[in-house]
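Colleague: Structure in structure tokens, see below.
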Amino acid sequence: MQSLSNRSKQVSQKEMTFMESIYLPAIIGGLMITIRHFFAKKITIRYPEIKKLFSKNWRGVHVLKKDEQGRERCTACGLCALSCPAEAITMEAAERKKGEENLYREEKYAARYEINMLRCIFCGLCEEACPKEAIFLTNEELAPSRMDRGELIFGKDKLVEKQHDPDNKKRGGGPLEERLFHSKENSSYKSTFEGISNS
Amino acid sequence: MDIYFILGKLILIVIIFAISLLTAMYSTYGERKIAGFFQDRLGPDRAGPWGILQPLADGGKLFFKEEILPVNANMALFIAGPSLSMLTACMSTAIIPWGTYLDIFGTKFVLQVADVNIGLLYIFGVVSLGVYGVMIGGWASNNKYSLLGAVRAASQNISYELAMGLSVIALIMLNGSLSLAEISRNQGESLFGLSGLNWNIFYQPLGFLIFIVCAFAECNRTPFDLPECETELVGGYHTEYSSMKLGFYLFAEYINMFVSSAFMAVLYFGGYNYPGINFVEANLGHNAAVIIGLAALFAKILFFIFFFMWVRWTVPRFRYDQLMKLGWQILIPLAIFNILLTGVGIMLFDN
């Protein structure tokens, strides 16, 4: 059959030539290659002390944002749950009472908001769907692991951010255009990485 | 034989024993570190600064592991295996000349435990005992994989011992002595106008090549680590071993590596001699020259240990038929040819 990529090699089982059969030239060549690696720059990152920066478009664990006055943004419209391809999100809406204006921005809010982390595929569609800029996948926690399945259904206690943090939003998702621009800034990530391996 | 002589020898034995164990201990650390460096990693660096306490952690771990004695194993032999391995590995350091003698307050303190006049034969005797440790351990485990590993080890060691012995015969012809002290002394003469550079490697390059290949095979190191070939034999002869018995097997391998590095340094690379030894002796005194010689010998040994590891992380394992072909069909004829060549050389140049 004709090769399409032109990279296929015919396997041959020809006898070794004399130089090949004494092994030594090949072994010395190999030794030279390995000794170059011996003195090469090491790529190890000494993890607990030095952490790699997350990519600008890193999608981590969800954060339910608060606004500038510390009020929850989520209005329990359910678009995130609707958009979720893994059906990981569920919520219960409630009406804002008098005197709760400093807690919830909208008149309707999510009394219960749960994401099943065992189902979530971290696709970020909930973030895209949210009309209130309330949910972002910016928590820089790696794939959460727990001893119990029940603990992996994250409720509001784990999801709602403690206080308003404008940086958190900027670093993470944001509108899609903004994120595309971020890929250009990946060069800064690269230089940080080199700084780590030098130290 | 006065009391000081015995006391001096005892101190020397303890020191050499401690040093060879320490070197073997840190070879395990060095192996992991060097393996890491060859693979663009850092290697262990968590226990202590740069990870220098790693051997202690490893040793402690091995001691506290559960010791499993297989029900159907032959108990006495099962225990004798690693003990014998360890014993033979430690025995051969006795005849390495670490230097001529130290002059301490007018008393000569010879830096060699025993100057056996058949030193080289002693090495071969002890080294060939080493295979019993592996053989007995593998057989006593009552496990097919262990037995296969042990059979491989035995046939490999026997095959390569022949070539090793033949390659050393040429060296004996050249030096006219089996004593390692004598061989070291001969290499202290001058060559190219530099004292202490009359190394055997310049007369026996082919012999050295054969010797080093055989040393790799004798130590069961890659590319000749077929006795413990994980891909085919689980773990080879130490499959059934656990805890410190396994530790002894692994440790014996590193001591063997230290010892064969020492022999390569002594036999071919001048032992304790270094270029300019006479100059140092004339200017700085005898003791200084001897101590620098000791350091030189250690530098050579460490280089060879590094070389062992360097090769290990470069060359893949031989196939068993390739191993046997290399041993019997290439190295042994080559070693005999080397003897012939040396004989002709001695006839032409010495008379």
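The values are calculated or read from the model by the stated rules, or taken from the named source; none is laboratory data. None of these values were measured; they are calculated from a predicted model. FYI the Cβ positions are ideal-geometry reconstructions off the backbone, even for glycines, and counts take in every protein chain you see.
Colleague: Just for the range B:68-104: of the residues that are of a type in the set (Ser, Thr, Tyr) and at pLDDT 85 or above, which one is farthest from residue B:129 (Cα to Cα)? Working first, answer last.
Modeller: As a first pass, look at the range B:68-104 and keep what is of a type in the set (Ser, Thr, Tyr): B:83, B:85, B:88, B:92-93, B:100-101.
Next, from what is left, pick out any that are at pLDDT 85 or above: B:83, B:85, B:88.
On the way: B:83: 12, B:85: 8, B:88: 7 Å.
Once the filter is applied, the top-ranked residue is B:83.
Colleague: Follow-up question, since we're still on this one. Being of a type outside the set (Val, Ile, Thr), surrounded by fewer than 16 Cβ atoms within 10 Å (Cβ to Cβ) and over 22 Å from residue B:298 (Cα atoms) is the filter here; which residues of the range B:1-38 pass it?
Modeller: Answer for the range B:1-38, where residues must be of a type outside the set (Val, Ile, Thr), surrounded by fewer than 16 Cβ atoms within 10 Å (Cβ to Cβ) and over 22 Å from residue B:298 (Cα atoms): B:1, B:2, B:4, B:5, B:7.
Colleague: For the range B:295-314, check the following and say yes or no: at least one residue is within 20 Å of the chain's Cα centre (by Cα) and at pLDDT below 85.
Modeller: no
Colleague: All but one of (1) under 24 Å from residue B:314 (Cβ atoms); (2) surrounded by 10 or more Cβ atoms within 10 Å (Cβ to Cβ) hold for residue A:18, so report the exception by its number.
Modeller: (2)
Colleague: Of the residues that make up the range B:261-282, is at least one of a type in the set (Ser, Thr, Tyr) and farther than 26 Å from residue B:204 by Cα?
Modeller: Going residue by residue through the range B:261-282, those that are of a type in the set (Ser, Thr, Tyr) are B:261, B:268, B:272, B:274.
Still in the list and also farther than 26 Å from residue B:204 by Cα: none.
No - not one qualifying residue is present in the range B:261-282.
Colleague: On the phi < 0 side of the Ramachandran plot, in a strand (DSSP E or B) and more than 14 Å from every other protein chain (Cβ to nearest Cβ), is that true of residue A:101?
Modeller: On the way: on the phi < 0 side of the Ramachandran plot: yes; in a strand (DSSP E or B): no; more than 14 Å from every other protein chain (Cβ to nearest Cβ): yes.
No, not satisfied.
Colleague: From the list A:34, A:44, which one is among the hydroxyl-bearing types (Ser, Thr, Tyr), part of a loop (DSSP other than H, G, I, E, B) and either surrounded by 10 or more Cβ atoms within 10 Å (Cβ to Cβ) or within 12 Å of chain B (Cβ to nearest Cβ) (or both)?
Modeller: Details: A:34 fails: part of a loop (DSSP other than H, G, I, E, B).
Just a single option satisfies the conditions, and that option is A:44.
Colleague: Among the listed residues B:97, B:82, which satisfies the condition of being more than 30 Å from residue B:278 (Cβ to Cβ) and touching a residue at least 60 places away in the same chain (Cβ under 8 Å)? Working first, answer last.
Modeller: Numbers: B:97 fails: more than 30 Å from residue B:278 (Cβ to Cβ).
Unique residue meeting the criteria: B:82.
Yes/no matrix, rows are residues, columns are (1) in contact with a helix residue (DSSP H, G or I) (Cβ under 8 Å, 6 or more places away or on another chain); (2) farther than 25 Å from residue A:52 by Cα:
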position	(1), (2)
A:71	no, yes
A:75	no, yes
A:97	no, yes
A:120	no, no
A:126	yes, yes
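Colleague: Filter the helices (runs of 4 or more DSSP H) completely within the range B:1-110 down to those with at least 3 residues that are out of contact with any helix residue (DSSP H, G or I) (no Cβ under 6 Å at 6 or more places or on another chain), among the β-branched types (Val, Ile, Thr) and away from chain A (no Cβ under 14 Å).
Modeller: Per the criteria, B:3-38.
Colleague: While we're looking at this one, here's another question. Taking into account only those residues within the range B:318-333 that are surrounded by fewer than 19 Cβ atoms within 10 Å (Cβ to Cβ) and within 16 Å of residue B:165 (Cα to Cα), which is farthest from the other protein chains (Cβ to nearest Cβ)?
Modeller: B:328
Colleague: Could you please tell me which pairs satisfy a Cβ distance under 6 Å, a separation of 6+ or placement on different chains, a first residue in the range B:127-148 that is farther than 11 Å from residue B:73 by Cα and in contact (Cβ under 8 Å) with a residue 12 or more places away in the chain, and a second residue that is in a loop (DSSP other than H, G, I, E, B) and of a type in the set (Asp, Glu)?
Modeller: Correct list of pairs: B:146/B:240.
Colleague: Let me ask something additional. For the range B:282-317, which residues satisfy the criterion of being assigned to a helix (DSSP H, G or I), β-branched (Val, Ile, Thr) and within 14 Å of chain A (Cβ to nearest Cβ)?
Modeller: Across the range B:282-317, the qualifying residue is only B:311.
Colleague: Could you say whether any residue in the range A:52-75 is in contact (Cβ under 8 Å) with a residue 12 or more places away in the chain, under 30 Å from residue B:51 (Cβ atoms), within 12 Å of another protein chain (Cβ to nearest Cβ) and assigned to a loop (DSSP other than H, G, I, E, B)? Give the steps one after another, and end with the answer.
Modeller: Residues of the range A:52-75 that are in contact (Cβ under 8 Å) with a residue 12 or more places away in the chain, as a first pass: A:52-75.
Add one more test, that the residue is under 30 Å from residue B:51 (Cβ atoms), and what stays is A:52-54.
The next check asks that each one be within 12 Å of another protein chain (Cβ to nearest Cβ); those that pass are none.
No, the range A:52-75 contains no residue that is in contact (Cβ under 8 Å) with a residue 12 or more places away in the chain, under 30 Å from residue B:51 (Cβ atoms), within 12 Å of another protein chain (Cβ to nearest Cβ) and assigned to a loop (DSSP other than H, G, I, E, B).
Colleague: Moving to a separate point now. Which residue out of A:18, A:39 is modelled with pLDDT under 85 and within 14 Å of chain B (Cβ to nearest Cβ)? Outline the logic, then answer.
Modeller: On the way: A:39 fails: modelled with pLDDT under 85.
One residue alone meets the criteria, A:18.
Colleague: Next question, about the same structure. Has the range B:55-77 got any residue that is surrounded by 14 or more Cβ atoms within 10 Å (Cβ to Cβ) and of a type in the set (Val, Ile, Thr)?
Modeller: no
Colleague: What single numbered condition from (1) touching a strand residue (DSSP E or B) at 6+ places or on another chain (Cβ under 7 Å); (2) within 25 Å of residue B:222 (Cα to Cα) fails to hold for residue B:38?
Modeller: It fails just one condition, (1).
Colleague: Kindly check whether there is at least one residue in the range A:107-119 that is assigned to a loop (DSSP other than H, G, I, E, B) and either at pLDDT below 85 or within 13 Å of residue A:58 (Cα to Cα) (or both). Explain how you work it out, then say what you get.
Modeller: Step one: of the range A:107-119, the residues assigned to a loop (DSSP other than H, G, I, E, B) are A:107, A:117-119.
Now drop any that are not either at pLDDT below 85 or within 13 Å of residue A:58 (Cα to Cα) (or both), which leaves none.
No; the residues of the range A:107-119 include none that is assigned to a loop (DSSP other than H, G, I, E, B) and either at pLDDT below 85 or within 13 Å of residue A:58 (Cα to Cα) (or both).
Colleague: Any chance the range A:78-86 includes a residue that's part of a strand (DSSP E or B), modelled with pLDDT of 90 or more and among the polar types (S, T, N, Q)?
Modeller: We begin by selecting, within the range A:78-86, every residue part of a strand (DSSP E or B); these are none.
No, the range A:78-86 contains no residue that is part of a strand (DSSP E or B), modelled with pLDDT of 90 or more and among the polar types (S, T, N, Q).
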